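Peer 1: Right, I'll just put the structure down here and ask away after.
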Amino acid sequence: STLAATVREIADRKIKHQVAGHGPVADAESISLYRDMLDHMEEAGRRSHGKGQTPEEAAKEFKAHAGTADWHVFQDTYCQTAIAAWHRELG
C-alpha cells in the first residue's frame, strides 16, 4: 500500500523523531513498530482474501503484532476496516 511504502521510507531514513500531523512525536522504534504492524496487517488481508473470508471473520481471528498489542490509538473496528481495504485492493 502507499501508506506502508511511505512508512518504510521514513523508517529507512533512521531519523530520531518524526512529528506527525496528529498524535505524539514518534521515535525511530515507534516508526519501525508501525511499519511492522502495517506489514502484519497486509499479511492478514492477503491471507484472509485468499481463504475467502470476510473482513469481519478475519478481524475476529487477527492477533496484534508483537509490540503493538497495547496500542490504544486504534478504534475497535480498525482491523476489520484495514482488512476490508486490502480485500478491495486485491479485488
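The values are calculated or read from the model by the stated rules, or taken from the named source; none is laboratory data. Quick caveat, the model's predicted, so the values are computed rather than measured. Neighbour counts are summed over all protein chains in view; Cβ atoms, including those assigned to glycine, are modelled from backbone coordinates with ideal geometry. The protein model used for the area step is the full one, side chains on, heavy atoms only, and it has no ligands, DNA or RNA in it. Shrake-Rupley method; radii C 1.70, N 1.55, O 1.52, S 1.80 Å.
Peer 1: Could you tell me which numbered condition residue 31 fails, if it satisfies all but one of (1) touching a residue at least 24 places away in the same chain (Cβ under 8 Å); (2) in contact with a strand residue (DSSP E or B) (Cβ under 7 Å, 6 or more places away or on another chain); (3) farther than 27 Å from residue 88 by Cβ?
Peer 2: (3)
Peer 1: State which residue pairs qualify: first residue of a type in the set (Lys, Arg) and inside region 37-54, second residue in a helix (DSSP H, G or I) and surrounded by fewer than 16 Cβ atoms within 10 Å (Cβ to Cβ) in any location, beta carbons under 7 Å apart, and separation of 6 or more residues or different chains.
Peer 2: Matching pairs, first to second residue: 46/90.
Peer 1: Show the residue pairs that are 6+ apart or on different chains and have beta-carbon atoms under 6 Å apart, the first residue being within region 1-20 and among the aliphatic types (A, V, I, L, M), the second being open to solvent by 80 Å² or more (accessible area, probe 1.4 Å).
Peer 2: Filtered contacts from region 1-20: 19/25.
Peer 1: From the set of residues in region 39-91 that are hydroxyl-bearing (Ser, Thr, Tyr), part of a helix (DSSP H, G or I) and closer than 26 Å to residue 9 by Cα, which is most open to solvent (accessible area, probe 1.4 Å)? Can you show your working first?
Peer 2: Going through region 39-91, the residues hydroxyl-bearing (Ser, Thr, Tyr) turn out to be 48, 54, 68, 77-78, 81.
Adding the requirement that they be part of a helix (DSSP H, G or I) leaves 48, 78, 81.
Of the ones still in play, those that are also closer than 26 Å to residue 9 by Cα are 78, 81.
Details: 78: 59, 81: 82 Å².
It comes out as 81.
Peer 1: Let me ask another. Confirm whether residue 8 is charged (D, E, K, R), in contact with a helix residue (DSSP H, G or I) (Cβ under 9 Å, 6 or more places away or on another chain), open to solvent by 40 Å² or more (accessible area, probe 1.4 Å) and more than 15 Å from residue 85 (Cα to Cα).
Peer 2: yes
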